[in-house]
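We did not get these values from a lab; they are worked out from the coordinates using the rules stated. Since the structure is predicted, the reported quantities are computational estimates derived from the model, not experimental observations. As a convention, Cβ positions derive from the backbone with ideal geometry for all residues, glycine included, and neighbour counts pool all protein chains shown.
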Amino acid sequence: MRTLLLLCWLGATATLAQTPRVPSKMEFAGIQLKLYESARKEIQQKVNALTQSQKHFMIKAERAASFFPIVEQIFEEEGLPDDFKYLAIQESGYIADAVSSSNAVGFWQFKKATAQEVGLRVDTKVDERMNIVAATRGAANYLQQNNLYFNNWVHALQAYQMGAGGTQRSLKTIQAGAKVMHITKSTYWYVLTFLAHKIAFEQAVEIARAGAPKMYLYTQAKGKTLKQIAKATGTSLDSLTMYNKWLKTRTIPTDKNYVVVVPHYSKQPLEPVAGNNNTTPVAVSNPETTVKNVEIPHAMPAIKQFTINGLPAVMSNTELSIDELTEKFDLSTTQFASYNDILPHYRVLANQVYYIKRKKSKANIYYHTVKPNETLWSISQAYGVRMASIVKMNRMQSAKEDLEPGRVLWLKKTRPKNHPVEYK
């Protein structure tokens, strides 16, 4: 039932109403994988198990969607294939303080000795296995080392679980530089499990990105407390503590630069991570900021009401839960979520338009030119048009289709079949 609701809210294709099916061919890290029928059955059983509880499946997908932008940027910097971002779902479900039966800890499930080998600090004050930035760089380092040994990312994946030596002993042939590989039932179980996670979560995470909480990176944290950073960024201390479990003491050490994750909304200006041109948001500290200039996180929210596309719309100046907003209107949480193409457990973001009636099938204007960083959801909210309608009018494959800046979207009529996609 939750999957069917998700389809209605997000305008996704009908395939999401069913458990993803394992293909006979797929790509991983630039390698073409051909899956034998025996392997497909094995992987399909794992996919079925992962998606059995739609509630828990979507919670995990949303959590991954929040962290993916950070992981994607780090992998790009480190030269690691993007596909490995699904490995942390398999290892920890992107839970910072996850602990395995063998005492491996954190997002990427490092044991203490291995974590220290890849440059992570683990002691009574700091456990960087729980820091998404540091741990992801450590995982990238470890996977790169494995690939240098094998020159094969599938072998490197296997070695993540059993080590390079164990992997070498288990393989009949090392397929160095392979561009095509055959996956059978006898392929190492850890690799089959990874492929199941990639297949199960690939589309769900992309759909969850639109409404998942955003994560910003505060980069000038040396010698500060989380309380100080909470005040400087307009974030509640409880939220900041929950997303920074790597810090075991009150004050952030000064031995190196530690990155603090700031969830949801930051009042500070956003800049790229130093040393690259990527646009992953980073909360930048301002030495001149005082408590007087910072909005109190729990102050009474101001709700603006206005009309867009003939629809009643609202906007809050602070982040809220859906319940906190809907209690001011004669509206249920489920209704509000469906009207805004989101899920009921999402947060209402500050300074974002939301509707208290169902969005329409067309806008008052004919076209919109996509701007940098816009998503289908943000455009849908800006014009009061359902995502599914925009997808249909523009003959898009699905709601997850990438929108390139400059693309002209049709918002009032369906683009004719013989009319090519335009860019400005």
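Here the calculated FRET efficiency for residue 27 and residue 364, from their Cβ-Cβ distance with R0 = 41 Å, stands at 0.45, rounded to the nearest 0.05.
Between the beta carbons of residue 251 and residue 111, assuming R0 = 30 Å, the FRET efficiency works out to 0.65 to the nearest 0.05. The Kirkwood radius of segment 40-99, taken over pairs of alpha-carbon atoms, gives through the Stokes-Einstein law at 25 °C and 0.890 mPa s a diffusion coefficient of 193 µm² s⁻¹. Note on the chain: with a GNM built from Cα contacts shorter than 10 Å, the maximum mean-square fluctuation among 213, 69, 23 falls on 23. Multiplying the residue separation of residue 407 and residue 82 by 0.36 nm and removing their Cα-Cα distance gives an extension gain of 114.5 nm.
Here the simple spin-label model places points 7 Å from the Cα toward Cβ, and for residue 392 and residue 99 these points are separated by 5.2 nm.
Relative contact order, whole percent, for the chain stands at 15, derived from Cα pairs under 8 Å and 6 or more residues apart. For segment 2-208, what does the alpha-carbon gyration tensor say about shape, rounded, prolate or oblate, given a ≥ b ≥ c as the root eigenvalues, a/c under 1.5 as rounded, and a/b over b/c as prolate? Taking the square roots of the gyration eigenvalues as a ≥ b ≥ c, segment 2-208 is oblate.
Potential lengthening of the chain between residue 179 and residue 59 amounts to 39.7 nm, from the contour at 0.36 nm per residue minus the alpha-carbon distance.
Computed over the chain, the P(r) tail beyond 27 angstrom holds 58 percent of alpha carbon pairs. For the options 382, 135, 212, a Gaussian network treatment of the chain with springs between C-alpha atoms closer than 10 Å singles out 382 as fluctuating the most.
What the Cβ-Cβ distance of residue 227 and residue 374 gives, at R0 = 35 Å and to the nearest 0.05, is a FRET efficiency of 0.50.
Here the extension length gained between residue 172 and residue 330 equals 50.3 nm, from 0.36 nm per residue of separation less the Cα-Cα distance. Cross-link partners of residue 125 among aspartates and glutamates, defined as those whose alpha carbon lies under 13 angstrom from its own and excluding same-chain residues fewer than eight positions apart: 255.
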